[in-house]
Structures are given as structure tokens and as C-alpha cells.
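Working notes, structure below.
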Amino acid sequence: MTARREIEAITQRIAERSKPARQTYLERVETAISAGPHRTVLSCGNLAHGFAACAPGDKAALAGNRVPNLAIITAYNDMLSAHQPFETFPALIREAAREAGGVAQVAGGVPAMCDGVTQGQPGMELSLFSRDVIAMSAAIGLSHNMFDAAVFLGVCDKIVPGLLIAALTFGHLPAVFIPAGPMTSGLPNDEKARIRQLYAEGKVGRAELLEAESKSYHGPGTCTFYGTANSNQMLMEIMGLHTPGASYVNPNTPLREALTKEAAKRALVITAQGNEFTPVGRLFDERSVVNGVVGLHATGGSTNHTIHLIAMAAAAGISLTWQDISDLSDIVPLIARVYPNGLADVNHFHAAGGMGFLIRELLDAGYLHEDVRTIWGEGLRPYAIEPGLGPDGGVTRRPAPTVSGDDKVLATAKKPFQPTGGLKVLSGNLGRAIVKTSAVKPEKRVIEAPALVFHDQEELSAAFKAGLLDRDFVAVVRFQGPKANGMPELHRLTTVLGVLQDRGYRVALVTDGRMSGASGKVPAAIHVTPEALDGGPIARIRDGDPIRLDAEAGTLEALVDAAELAARPAAAPDLSANGFGMGRELFTGFRALASRADMGAAVFG
């Protein structure tokens, strides 16, 4: 089935714009492919170093260049709940590789930081840049040139985008992404949010807050809300980089183990030594990118991907823009409600039909390109399934249910929760920005109020605690962009502004920083571009300036005379404290090199 005419038109627009860079990229991929099996170019000394620590059988196999060798790039650490399950995956993958007649080696590890730990802390200023560090770290592992394919073990926020950028840089290799799955459901997300608000108002203490947080984040696996980590998993599946049905199976279960072994074997099948050679550089094209954006809109996914998708696409020579994302949002209906744009968590989403139901609905309604290549073969239709465990311990698949298991969580494309997607691009005399509308009630999507200007989130929080914010206002939090301080998430403001909105005040946020995959019920114009430090008009806003944020019309305006606004000097706060502490000294070059948010906020390319 072909995609709708409007979807095809946007895809073609992206393809035409991308032609020069995409052609250059593909030529490089084909040149690398034509070089043949890569271990043959290594000297005997090179090769001896490469397999010195292998088991005798693996060493003999690699010495003869007879079998495919699988690179494992892992983001394992045992501090991140989502990544702790990866501790056992290399052994499973090696076992699966041997069963399939291949070899697997851990080619390298990459850093994996937890935004949940660093929210509101100095370390958050390294978070966005960690994506590019991860890409470079994975490239170092793969640069040994020992491998016929790669599997990537990663789940969370910047980690999957960084790994995919690396995979596409080595586009001559097949690449399979293997997730760990979400933790089981704990304290409901709306109850967690309620306790956070009570704490912000001083109505409960730290002990009660910690108890609630610990009941929410209580075991191995991703956090269960639909933030960036779980949006990553949706993207990898809908873009055909997971095996079908892999995204939301809980860790440490027989089905998760079976899916992991299956993914490793599939990676070996699609090497150049087999009959289904599928290098990721050929697989990942404009249609794949559009399918990812469609999935993001249909599920009300993370705002962070308005940055990451652009950077990931660019790694394959594809030029995706905010306008493309916005135009797709106007077409694609919202058919999933998972916290923060609903009460359910991702386990409820999976139980209601999950990715299989979602993909089938979008395919049948013409919102996805069906004629894409995936690691599973030709076409996306094989992903419209529900995974299970067979009597032999292997993975079985049956067609996705035709009826939602919970119509408050998963709707049909014909009767969606809203007719448009969950993200919107805003434009106006303050530049361009992103707003997530899926969790914002329609009556809250247009705010006009005086500006209150802050230069960090601590300043705003202090004003709240002092009782100075009981009024209608638009919080302008600036000098939070990639060049200023690495563009940290300002997630702690969600609670403060949510309290004020619940008190009946009309409030909104405008910032050149990020919020989170968990951006919530308060309208927030984020990623304002150009950022304040890069000459953006946001640097010339003053307290009391009327600001209008209209998420329906897609506008962001300071209602100030244009000549007056242009003539004002830009604010120039002391940002020297952003340059040291918690490793920030090491990222001075990254801050200087970072591109604009609407260009992916990358330090390379």
C-alpha cells in the first residue's frame, strides 16, 4: 500500500533537498562495501591483536575469514535502570552467534548518562553533548575494521541517537538495535506527579517524595512514562532497526532473552556473506525518516527528537527540517495516549496492542511508507505483529490485534484522540521554537501574558518559593542553548509551572533550552532558535513585555514595536560558571562548535 499523497509529497521534498549530500553519502557507502571482507585488509599483526583474547574456536574462524564477525557496541552500566540488563547480553549474543555459525566480539563501550539523575544538576549540561561523544566512541570501536555487522545495545535519551549516528557513519555494515525493555509498572505516573506538586508547595516532605519516586523508578528497565527513552524504542522499531515487536518487552524475561538471541542471529544473516545483505546506509533513507516522524506524532513523542532526528538524518546525508516535522504534524493523527499525554504507561500501551497495532493502523490509513527496507526484509508490514514465546523457547509472531485492548490508550486512525500530531513548530519575531501540544489541554494552548525573565531555572524556582509568581505570566528562561551551557533539560520547571497553572493562573514557558520527553501540561515554547548567546531576539526581552504563544496558529511573538525590540541591547549575563565543574571544562570546544537546535545541535558535520 502506498502512503498518502501528502506524505509522499513531503518525502519527495526531503529527497530533492537532500540529493547532493545523500548521493555523496551513498557513494562512500558503496565504496566501503566494494572493498570486500574487511579482515582481509588487515596485516597478520593487526589480525592477531584483533582475536588474541578469543576462544580457540573463534580465533580459528576469524583467522580463516570464513565466518561473519559481529561487533557488539554496548552502553551497559549498572547505574541506569534501563541499561543494567545489558550486563548479560554479550554472553547471549556470543552464544547466538556461535549457534548461527558466526563470532561476536564486544567492539567497544560507550558512555550512558541518566538524565533522571542529572536533572537540575550541573551534569545535565553534558547531557546533549553526550550524544555526539557516544557517536564518536562507537566509531572508535568499529574503526578496528574487524566486523561484518554490528549490534547496538542502548535505550535511553541521547544514547540511541548517538549510536544510530555511529551506525550510519559505518553505513556499509548492517546494524541491528537491541533494546532491554521497560521496567514493570510501579506507582502510577499521575500519582508521582501529584506528590511532586505537593512537595513543591511544601505540603509533603522529602521522605514522602523519595518514597513516591522510588516506587515509580523501582527496578531494571526504562522508566515507564513515554519520554525520550521510550520514544527511541518506538523510532527504532517503526524505522525497521529492531526485530519486529522488540521494543516493549520487559527485561529479564524468557521472551526478552529470545528476542536478543534472535536479533544477533538476524544481524549475521544480513551480512555480505549471506543472501540478504542489508547495510544500514542503504536501509535508512528518506522514507525511513518520514516513518519515524510519523510515529513520533502519532504517539505524542519526545520533543528531544526534533533535534535528534535532524542529527540522525544528517548522518545519512538526509536534510530534515523543523518545517518538515511541522507539516507532518498537521497531517498525522494522535492515536496513542501514554503519560504525560495520558494516564497509561508503556506497559499498558504494549498490552493494549502496542507497536504492532500502531503500525498496522498507520499503514492501513496510508500514513507510513510500507515499501521500505528493514533489517527483517522488504516492507514494514511484518512489523504489524504481536510477539510471543514459542514452545521451543523461540520467538513467535501473530498478527496485531484489530481492536484496541484499551481505547483510552490506543485509538484508531479513523477515530483518533486528536486529528493532528503532538508537536508544533512556532515562528515569530522571537525566532522559531517547538511546542508539545499532546499533553496540553486545548484551552491552554494560547497564552498572552507579561514576560518574567530568568537566566536559569534556579532563579525561577527561588521566585516561586518566595511567592512572587502568583500571577499570569510567560517565563522567559534564556541563555540555556547549546552554545551557552550545552542546552540542559529544564524539567524541574514542569512541576513549578504546573502548580501555578492548577492555581488558576495562565502561565507558559519560553526558553532556548530543552524540556524533556516528559514535557507536560503547561505550554512550553522550547529550543528557541537562534539562542540568546547566538544573537537571538530572546536576549532582548524585558520583564513586562507582552508575549503571545499560540500553539494553534503556530506563532511566538513579543508584542513589542519591532524597531524598539531591534534597538535594545542584548542581555549579557555572566556565564563563566557554566564552564567548570562536573566535567564541563572538557566541553568548552563542544559549546563553541555546537550548531543551532534546528540543525541538530551537533558538534560535527
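We did not get these values from a lab; they are worked out from the coordinates using the rules stated. It should be emphasised that the depicted structure is a prediction, and the values quoted were computed from it without experimental measurement. Reconstructed Cβ throughout: ideal geometry from the backbone, glycine too, with neighbour counts over all protein chains shown.
With labels modelled as points extended 7 Å from the Cα through the Cβ direction, what inter-label distance (nm, one decimal) is found for Glu27 paired with Asp472?
Here the answer is 5.8 nm between the modelled labels.
Can you find, among Ser595, Val522, Gly536, the residue sitting farthest towards the positive end of the charge dipole of the stretch 423-599, where Lys and Arg contribute +1 and Asp and Glu -1 at Cβ?
Of the options given, the answer is Val522.
Å³ per residue of the Cα convex hull, for the chain?
Numbers: hull volume 89.2 nm³, N = 605.
With only Cα atoms used, the chain gives 147 Å³ per residue.
Please list 390-397, 534-541, 555-562, 352-359 highest first by mean number of surrounding beta-carbon atoms within 10 Å per residue.
Numbers: 390-397: 12.8, 534-541: 21.6, 555-562: 17.0, 352-359: 26.0.
My ranking of the peptides, most packed first, is 352-359, 534-541, 555-562, 390-397.
For the peptides 46-52, 493-499, what is the packing order when you average, over each peptide's residues, the other Cβ atoms within 10 Å and list the highest mean first?
On the way: 46-52: 14.9, 493-499: 22.1.
Averaged packing, sorted descending, gives the order 493-499, 46-52.
For the stretch 423-599, what is the convex hull (Cα atoms) projected area averaged across all directions, in square nanometres?
Values: hull surface 39.4 nm².
The number I arrive at for the stretch 423-599 is 9.8 nm².
What are the residues whose amide H is under 5 Å from the amide H of Asp545, where those residues sit 5 or more places off or on another chain and H is modelled from the backbone?
Ala451
Hey, can you grab everything whose amide H is under 5 Å from the amide H of Glu531? Only 5+ residues off in sequence or another chain; H modelled, so Pro and N-termini drop out.
Result for Glu531 returns Gly536.
Count neighbours as other Cβ atoms within 10 Å of each site's Cβ, and list the GluC sites (Glu not before Pro) in the stretch 9-92 that are DSSP loop with at most 15 such neighbours. If you can, show how the numbers build up before the last one.
Working: sites: Glu16, Glu27, Glu30, Glu87; in loops: none.
In loop regions of the stretch 9-92 (DSSP not H, G, I, E or B), there are no sparsely surrounded GluC sites (Glu not before Pro).
Tally the DSSP beta bridges in the chain and give the antiparallel ones as a percent, rounded to 5.
Of the beta bridges lying entirely in the chain, close to 45 percent run antiparallel.
Measure off 7 Å from each Cα along the Cα-to-Cβ vector at Met1 and Asp407, then give the distance between these two points in nanometres to one decimal.
Spacing of the two 7 Å Cα→Cβ label points: 1.9 nm.
Which Rg and Dmax, in Å, describe the Cα atoms of the stretch 56-107?
Cα only, the stretch 56-107: 12.8, 40 Å (Rg, Dmax).
Would you pull out the residues with amide H under 5 Å of Val372's amide H, same chain only if 5 or more places away, H placed 1.01 Å from N?
The list, which skips near neighbours in sequence, is Gly379, Leu380.
Full-extension gain between Glu201 and Arg17, please, as 0.36 nm times their residue separation minus the C-alpha to C-alpha distance.
So the extension gain works out to 61.2 nm.
Of Lys265/Lys408; Lys59/Lys158; Lys215/Lys424; Lys215/Lys408; Lys441/Lys465, which pairs sit farther than 31 Å apart, going by alpha carbon to alpha carbon? Could you put the intermediate results ahead of the total?
Values: Lys265/Lys408 37 Å; Lys59/Lys158 35 Å; Lys215/Lys424 33 Å; Lys215/Lys408 24 Å; Lys441/Lys465 26 Å.
Checking Cα-Cα distances, Lys265/Lys408; Lys59/Lys158; Lys215/Lys424 exceed 31 Å.
Return the equivalent ellipsoid semi-axes of the stretch 63-159 as a descending list in whole Å, where each equals the square root of 5 times an eigenvalue of the C-alpha gyration tensor.
Numbers: eigenvalues 175, 45, 10 Å².
Over the Cα atoms of the stretch 63-159, the ellipsoid semi-axes are 30, 15, 7 Å.
Give the distance, in whole Å, between the Cα centre of the stretch 264-301 and the Cα centre of the stretch 5-82.
Answer, in whole Å: 14.
If you take the charge dipole of the chain about its Cα centre, with +1 on Lys and Arg Cβ and -1 on Asp and Glu Cβ, which of Ala61, Thr495, Gln233 is farthest toward its positive end?
The Cα lying farthest towards the positive end belongs to Ala61.
Taking the Cα centre of the stretch 66-215 as origin, sum charge times position over the Cβ atoms of Lys and Arg (+1) and Asp and Glu (-1), and report the length of that vector in debye to the nearest 20.
Values: 11 positive and 15 negative charges, 32 e Å.
Taking the Cα centre of the stretch 66-215 as origin, the dipole is about 160 debye.
Cα extents of the stretch 316-405 along the three principal axes, largest first, in whole Å?
Per principal axis, max minus min of the Cα coordinates gives 48, 35, 23 Å.
Using +1 on the beta carbon of Lys and Arg, -1 on that of Asp and Glu, and nothing else charged, what's the dipole of the chain about the Cα centre, debye to 20? Write out the running numbers ahead of the final one.
On the way: 57 positive and 62 negative charges, 96 e Å.
My answer is approximately 460 debye.
In sequence order, what are the phi-derived ³J(HN,Hα) couplings for the stretch 357-373 according to the Karplus relation 6.51 cos²θ - 1.76 cosθ + 1.60 with θ = phi - 60°, rounded to whole Hz, with x for glycine and proline?
4, 4, 5, 4, 4, 6, 5, 4, 8, x, 8, 10, 7, 7, 8, 9, 9
Using the Karplus curve 6.51 cos²θ - 1.76 cosθ + 1.60 with θ = phi - 60°, what ³J(HN,Hα) values do you get for each residue of the stretch 483-489, in whole Hz, with x for Gly and Pro?
So the J values, rounded to whole Hz, are 6, 7, 8, x, 6, x, 6.
Could you give the distance between the Cα centres of the stretch 196-212 and the stretch 445-463, to the whole Å?
Spelled out, the Cα-based centre of one part sits 23 Å from the other.
How about the stretch 241-303: which GluC sites (Glu not before Pro) there are in a DSSP loop, with at most 16 other Cβ atoms within 10 Å of their Cβ? Don't jump to the answer; show the numbers that get you there.
Values: sites: Glu257, Glu262, Glu276, Glu286; in loops: Glu276.
Those satisfying the criteria are Glu276.
Over all directions, the average projected area of the alpha-carbon convex hull for the stretch 230-367 comes to how many nm²? Numbers along the way, then the final one.
Details: hull surface 36.4 nm².
Dividing the Cα hull surface by four gives the mean projection, 9.1 nm².
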